[in-house]
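Here the structure comes first, spelled out in structure tokens, and everything after it is commentary.
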Amino acid sequence: MSYFSRRSVLGGFAAPVAAAVLPAPARAQGDYPNRPVRLIVGFAAGGGNDIFARLVGAKLSEILGQPVVVENRTGAGGRLSGEYVSNQPADGYTLLVGAIGAMSIAAAIYPDLKYHPTKTLTPLAMIGNFPLILAVSSDNPSRNVKELVEWGKQHPDKANYPSTSPLFTIAMEQLKLKSGMPGVMIPYKSSNEMILSLIEGQTMAAIADPPPTVPQVKAGKVNALAVTGAERLAELPDVPSMAEAGYPNVDMQAWSGIFAPVATPPAILAKLEKALSQSIRDPEVSAKLKNHLAVAPGGGPPDDFRHIVEDDIVKVRNVVKAANLKFEE
């Protein structure tokens, strides 16, 4: 039942009568939520998206007054979870924590994808986003992006880069397209292995996520030349943005957000959007996102998040077409 008395909302003895004549779906929407809400994460427990889900989910539970249960459904780089949530009842009780890789990038590169981030799902709120880091071995003489571009052109036989996911590949291919720098992709299994390949001189440069990269930068084992996008990373304040380095269109950034099945009723969507914004913008939650996870907190209007999702689909498609990239599902 609702947390607000029907008598106080509708007044007098008319409340039971009004409730009786409402259709069942309308009563269900008015009572939402009256049982636990599930947050489906497409990655294993302990990873970034799982941490985001548990952090935001705990606050969301307080606001909604119901348990928020994080459920990990791994496989296919998060795509199995996207397909799963798309096929769940559109009642607000099953939500998806989706990252850019399984959302915008997957929609752009996999023609047979069985879900879509804005057609079978509805973007509710961005949890947060963060730039990627362009790094080279400390033995590489390049001290800025333009020097790296020239070094790569002068040493095409050594021009290669590691990647573990389409996100890193597309970001590096963006740089290649905008600069004319050569570079062959070498597949690796993890971001840690990518950075180790730089340290050991096996690869020329990498565009990677902050968690495995920042510690090695601070230890002096790799040099960070820039971060993608227009703003610097708080953990590396002396490292310029790609825009500052002269490449404003090298702007792929990682993000995670929360999605609902597309047919979820507007009243439930509105309640979730408001509650999620409050959860993400809660001072304690936003401080942990920013200070402990190096993530810029989201929680803005859902339309803004939708535009980011859709713009990234177009951006990725353009890079894939221009670079003639092929990805296996």
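The values are calculated or read from the model by the stated rules, or taken from the named source; none is laboratory data. None of these values were measured; they are calculated from a predicted model. FYI the Cβ positions are ideal-geometry reconstructions off the backbone, even for glycines, and counts take in every protein chain you see. With ligands, DNA and RNA removed, areas are computed over all heavy atoms of the protein, side chains included. Shrake-Rupley method; radii C 1.70, N 1.55, O 1.52, S 1.80 Å.
Over the chain, give the accessible area per residue in Å² for a 1.4 Å probe, as an integer.
Working: 15070 Å² over 329 residues.
Per residue, the chain has an accessible area of 46 Å².
For the range 169-210, what Kirkwood radius comes out of the mean inverse Cα-Cα distance, in Å? Intermediate values should be presented prior to the final figure.
Numbers: mean 1/r = 0.0917 Å⁻¹.
After inverting the mean inverse Cα-Cα distance, the result is 10.9 Å.
Over its Cα atoms, what ratio of radius of gyration to 2.2 N^0.38 Å does the range 81-181 give? Could you put the intermediate results ahead of the total?
On the way: Rg = 18.6 Å, N = 101, 2.2 N^0.38 = 12.7 Å.
Taking the Cα Rg and dividing by 2.2 N^0.38 Å, one obtains 1.47.
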Highest average packing first - 240-249, 130-139, Cβ atoms within 10 Å | 130-139, 240-249
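By how many nm would the segment from residue 311 to residue 58 grow when fully extended, if each residue of separation counts as 0.36 nm and the alpha-carbon distance is taken off? Please list the in-between numbers first.
On the way: separation 253, 0.36 × 253 = 91.08 nm, distance 3.02 nm.
Roughly 88.1 nm would be gained on extension.
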Between 0 and 90°, nearest 10: helix 48-64 axis offset from the chain longest Cα axis | 20
Taking H placed 1.01 Å from N in the peptide plane, check which residues at least 5 places from residue 122 or on another chain put their amide H under 5 Å from its amide H.
-> 260, 262
Top positive-direction residue, dipole computed over the range 170-296 with Cβ charges, set 239, 197, 289 = 289
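Tell me, rounded to the nearest percent, the portion of alpha carbon pairs in the chain spaced more than 27 Å apart. It would help to have the intermediate numbers written out before the result.
Details: 25569 of 53956 pairs.
Tail fraction, whole percent: 47.
Rank-order 146-157, 77-88, 302-313 by packing density, defined as the average count of other C-beta atoms within 10 Å over each peptide's residues, highest first.
Working: 146-157: 15.4, 77-88: 20.4, 302-313: 17.4.
Highest-to-lowest ranking by the protection proxy: 77-88, 302-313, 146-157.
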Distance in nm between label sites at residue 119 and residue 150, each 7 Å beyond Cα in the beta-carbon direction?
-> 4.7
Reachable aspartates and glutamates from residue 114, Cα under 18 Å, same-chain residues fewer than 8 places away excluded?
-> 83, 310, 328, 329
Förster radius 25 Å - calculated FRET efficiency between residue 138 and residue 190, Cβ distance, rounded to 0.05 = 0.75
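So between residue 291 and residue 87, what do we pick up on full extension, going 0.36 nm a residue minus the alpha carbon distance? Can you show the working numbers first?
Numbers: separation 204, 0.36 × 204 = 73.44 nm, distance 3.59 nm.
The span from residue 291 to residue 87 would gain 69.9 nm if fully extended.
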Would you mind computing, in nm to one decimal, how far apart the modelled labels at residue 318 and residue 263 are, each placed 7 Å from Cα along Cα→Cβ?
-> 3.6
With each run of n ≥ 4 DSSP H residues scored as -39500 (n - 2.57), what mean residue ellipticity at 222 nm is computed for the chain after dividing by its residue count and rounding to the nearest 500 deg cm²/dmol?
-> -12000 deg cm²/dmol
Segment residue 200-residue 218, length gained on full extension (0.36 nm per residue, minus Cα span) = 4.8 nm
Cβ-derived FRET efficiency at R0 41 Å, residue 234 paired with residue 157, nearest 0.05 = 0.65
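Take the alpha carbon gyration tensor of the range 199-329, find the square roots of its eigenvalues, order them as a ≥ b ≥ c, and report rounded if a/c is under 1.5; if not, report prolate when a/b exceeds b/c, else oblate. Write out the running numbers ahead of the final one.
Working: a/c = 2.35, a/b = 1.42, b/c = 1.65.
It is oblate, given that a/c is not under 1.5 and a/b is not larger than b/c.
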